[in-house]
Amino acid sequence: MYSARRSNDPEDPLAAAIAPPPGESPEEKAARLRREEEAKRINDEIDEGLKQDRAAWKKHKSMFKLLLLGQSESGKSTTLKNFQLAFAPKAWKAERASWRAVIQLNLVRSINNILDVLSAEMSKSSNPTSPATSPALRPITTESSGAGGNASPSHTQFSHTHALLKLRLAPLRRVEADLKQLIGAATDEIGEESASTPPFSSAGAGASDDLNAAAPFAEGTTRRRHAEFYVRSNDTWRETVRSAYHKLSGNEEAVRGTVVTDGSKLEDATEIIASCADDMKALWEDQVVRDLLKRKRIRMELSPGFFLNDIDRITQRDYEPSDNDVVRSRLRTVGVQEYKLVMEKYERSAPTTEVAREWMIYDVGGSRTSRAAWYPYFDDANAILFLAPISCFDELLAEDRRVNRLEDSFLLWKGVIQSKLLAKCIIILFLNKYDLLEKKLAAGVKINKYLPSFAERENSATVLAHYLHQKFREQHREYTPDPTRPFYGYVTTAIDTKATASTLASVRDGILRHNLQRADFV
């Protein structure tokens, strides 16, 4: 070896550094050799780790990267579920059961929100001079908020039944807390909002200048909303819930290697929900409660995670979520979710098998505070799927009650399409929540009251969807850095799994054709 040949050369600093110390005993030499062997082992492990990291990085760089963008509650997470359901059904089936706790939480939370409204109104209508046992019998005196501000007193009244329902449904408060703890959710409350404008924009810019963010919608609304549960961007909650279910079923083999969670809270929650089924249904179907929600302009059926029409089914002790249930469920995520989609259904004859089979999908947070996290994902994205909820033309941002949600979507869209980092990206637009748009217009909401440029066009979902599609396309044509960039636009209802699967298949085929053209295969 080199060190042996040069060990006596006083001019060789390396030889001096690695030479054994003078007068080294056999025991010291053995200890030194063990230390050197251990150091070599650690060095080899580091080298192997770096080698694996480089290989993984190269593979990761070669994967097709799809970035889901859009404001909060635009349907990004629901679209990601549809990708899994449509193209990776085996992996989807393996994790479907873990959503049971989320769906139960959605249902319980809806009931508790109704109870909050009911309790507040009953407190207002109670007479302080009445006996403590009879406040629920007092009539409602709240004035209705009809058009033009004409006040008319309600003739409905609370009865002993409502007080009894409040009492009997009280255990659902603990169920909500237990399910949140099991899922590992945190809570977050949105209060008075800042005056900051979203990234990519200046106030009032773009095709949505005519949107009336001021407000018929804002009249009578509050400045705060209920805290919403959320989880961080990781899969640990699924593992936790799965282990709880496996422990309950006695499947010790499935529990091994996972974070074992006590399933007692899950079992208790399921039992309490089942025992409260009739009372939950009675509360939701009560006409006095329905009238109260209508006067407060609270439309539960338009809120995400709505399962109040499925109480009979979801409260069963042996309830198992359907694909549609999971897609409709609501679990707010913060941060960036990174999901590797290995397609089980793909065209095996496709020359570009990497693009055909493995995609990396990033679901980034859509709230204003999360948008700064978008930029690091722009430089190597292959496609952008932008979701714009078109049912929200009469709604205001939760983060800033002065900004119309549709206007915010236009501002985000403009910023995305004019970004030079995304000049080579395929652009896909989903005009989402068409089903909610239909329901809203059927209830009598007038589009041109909030969107003056819509003028005297027919007040229908089809006409508005076509109008907005043209607006988004015109902005893309005006602001894109590359006029040859592919653009695909679709009107979607993300909770309609069959229709969305067909749309996603079209999206995938379009992406594959584009990549084949770039590779000169077609």
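So the values come out like this:
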read-out: Amide H within-cut-off set for residue 396, under 5 Å, with H built and near neighbours excluded; value: 405
read-out: Per-residue HN-Hα couplings for the stretch 68-75 [Karplus 6.51, -1.76, 1.60; θ = phi - 60°; Hz; x = Gly/Pro]; value: 8, 10, x, 5, 4, 6, 8, x
read-out: Residue 158 long-range amide H proximity, modeled H, under 5 Å; value: 140
read-out: Karplus 3J(HN,Hα) series, Hz, for the stretch 102-116 with 6.51 cos²θ - 1.76 cosθ + 1.60 (x for Gly, Pro); value: 5, 5, 4, 5, 4, 5, 5, 5, 4, 5, 5, 5, 5, 4, 4
read-out: Approximate spin-label separation residue 457-residue 39, in nm, with each point projected 7 Å along Cα-to-Cβ; value: 7.4 nm
read-out: Environment charge of residue 466, counting only residues whose C-beta is closer than 11 Å and scoring Lys/Arg +1, Asp/Glu -1; value: +2
read-out: Cα gyration tensor shape of the stretch 421-509, rounded if a/c is under 1.5, else prolate or oblate by comparing a/b with b/c; value: oblate
read-out: Sequence ranges 410-417, 334-341, ranked by mean other-Cβ count within 10 angstrom, highest first; value: 410-417, 334-341
read-out: Carbon plus sulfur fraction of accessible area for the stretch 381-522, probe 1.4 Å, in percent; value: 49 percent
read-out: Förster radius 51 Å - calculated FRET efficiency between residue 47 and residue 313, Cβ distance, rounded to 0.05; value: 0.35
read-out: Distance between modelled label sites at residue 161 and residue 301, nm, 7 Å Cα→Cβ extension; value: 2.0 nm
read-out: Long-range HN-HN contacts of residue 488 with modeled amide H, under 5 Å; value: 427, 428, 429
read-out: J(HN,Hα) series, the stretch 268-281, from Karplus relation 6.51 cos²θ - 1.76 cosθ + 1.60, nearest Hz, glycine and proline x; value: 5, 4, 4, 5, 5, 4, 5, 6, 9, 4, 5, 5, 4, 5
read-out: Length released on extending from residue 378 to residue 342, taking residue separation times 0.36 nm less the Cα-Cα span; value: 10.8 nm
read-out: Cα gyration tensor shape for the stretch 442-482, rounded if a/c is under 1.5, else prolate or oblate; value: prolate
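The values are calculated or read from the model by the stated rules, or taken from the named source; none is laboratory data. In this text the structure is predicted, and so the values were computed from the model without any measurement. Because the Cβ atoms are built from the backbone with ideal geometry, glycine has one as well, and the counts that use them run over all protein chains shown. Heads up: the accessible areas ignore ligands, DNA and RNA and are worked out on the full protein's heavy atoms, side chains in. Shrake-Rupley method; radii C 1.70, N 1.55, O 1.52, S 1.80 Å.
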